[in-house]
1. In the stretch 77-116, which residues are over 15 Å from residue 15 (Cα atoms) and part of a loop (DSSP other than H, G, I, E, B)?
2. Of 194, 169, which residue is more than 24 Å from residue 291 (Cα to Cα), in contact with a strand residue (DSSP E or B) (Cβ under 6 Å, 6 or more places away or on another chain) and modelled with pLDDT of 80 or more?
3. Could you tell me which numbered condition residue 285 fails, if it satisfies all but one of (1) within 14 Å of residue 217 (Cα to Cα); (2) touching a residue at least 40 places away in the same chain (Cβ under 8 Å)?
4. Looking for something buried (at least 22 other Cβ atoms within 10 Å of the Cβ) and farther than 22 Å from residue 26 by Cβ - is there at least one such residue anywhere in the stretch 147-158?
5. Look through the stretch 171-195, keep the residues that are crowded, with 16+ Cβ neighbours inside 10 Å and touching a residue at least 40 places away in the same chain (Cβ under 8 Å), and return whichever of them is nearest to residue 139 (Cα to Cα).
6. Would you be able to say whether some residue in the stretch 28-47 is over 20 Å from residue 99 (Cβ atoms) and crowded, with 17+ Cβ neighbours inside 10 Å?
7. Within the stretch 60-69, is even one residue touching a residue at least 12 places away in the same chain (Cβ under 8 Å), in a loop (DSSP other than H, G, I, E, B) and under 29 Å from the mean Cα position of the chain (by Cα)?
């Protein structure tokens, strides 16, 4: 079995993604699914989990097709798969179908060891999704995240980003995405290389940066990510007040830019900020903005003494804003 990095893994008849770091595992699966769709947009995608785990599940989706269409088959929780599916995979391993990509995700533990040993003996490509601990590996992760967006980052900039946000990989990924979004050029313009100066602007205030990461994920409608970032901030001791303040500032920006005749001069905002906020506001209506602003106002009132649980108030605010965005 040959180990490959998540950001360079290629399509193969069978690929194993093995380890407890969910973010790395998810990135590997996203890359493989994307490669399968690039190879053939008509690829059939099958997820063998939940109700799809009936008898003969793998045989049904991987058997030779009359029309020969390619298939992408994902087993997302191999460590919890029923024994019948494990047996099917063992039977399938010696002669996989040429038009099928079978991706097996094992998230750790000893269950399924017989299959893991068989996959290793067969030389199946393996993505190591172990927790990323070394600073150099985290810097490589940042560089890969930036490259995934078609951009580049200077080594000292990646180092500074890891120094500020390297304690949690999910937060590191979120702040990297925020940095990319903040420096996205207009269509037709060349994307700049991310520099140490831009990273320092983002990391100047550690707690403040975390608050804006929560706000950006919330406004973009990424509810699960926003709640995860909020929980991490809470565990790190972040005060709810600056989190609500960051959200209020972002909502004010959206409201200002959505007003008729808004411009950089009239709003006193730099051009790059106007461009970024304009992209964000396209997903909002006047009604959804009003609802979100109400949610922020309520949370602001509660975290400054009117509520019993400030942390619950910020969580409810995040969920309310994401719901408002989805409702339109």
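1. Residues satisfying the conditions are 81, 82, 108, 109, 110, 111, 112.
2. That would be 194, the only listed residue that is more than 24 Å from residue 291 (Cα to Cα), in contact with a strand residue (DSSP E or B) (Cβ under 6 Å, 6 or more places away or on another chain) and modelled with pLDDT of 80 or more.
3. Only one criterion is unmet by residue 285, namely (1).
4. For the stretch 147-158, residues buried (at least 22 other Cβ atoms within 10 Å of the Cβ) and farther than 22 Å from residue 26 by Cβ: present.
5. 173
6. yes
7. Looking through the stretch 60-69, none of the residues is touching a residue at least 12 places away in the same chain (Cβ under 8 Å), in a loop (DSSP other than H, G, I, E, B) and under 29 Å from the mean Cα position of the chain (by Cα).
Yes/no matrix, rows are residues, columns are (1) within 21 Å of residue 95 (Cα to Cα); (2) touching a residue at least 40 places away in the same chain (Cβ under 8 Å); (3) under 14 Å from the mean Cα position of the chain (by Cα); (4) outside the structural domain of residue 81 (by TED's automatic domain parsing):
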position: 14; (1), (2), (3), (4): yes, yes, no, no
position: 26; (1), (2), (3), (4): no, no, yes, no
position: 38; (1), (2), (3), (4): no, no, no, no
position: 45; (1), (2), (3), (4): yes, no, no, no
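The values are calculated or read from the model by the stated rules, or taken from the named source; none is laboratory data. Only a predicted model underlies this, so the values are computations on that prediction, with no experimental measurement involved. Because the Cβ atoms are built from the backbone with ideal geometry, glycine has one as well, and the counts that use them run over all protein chains shown.
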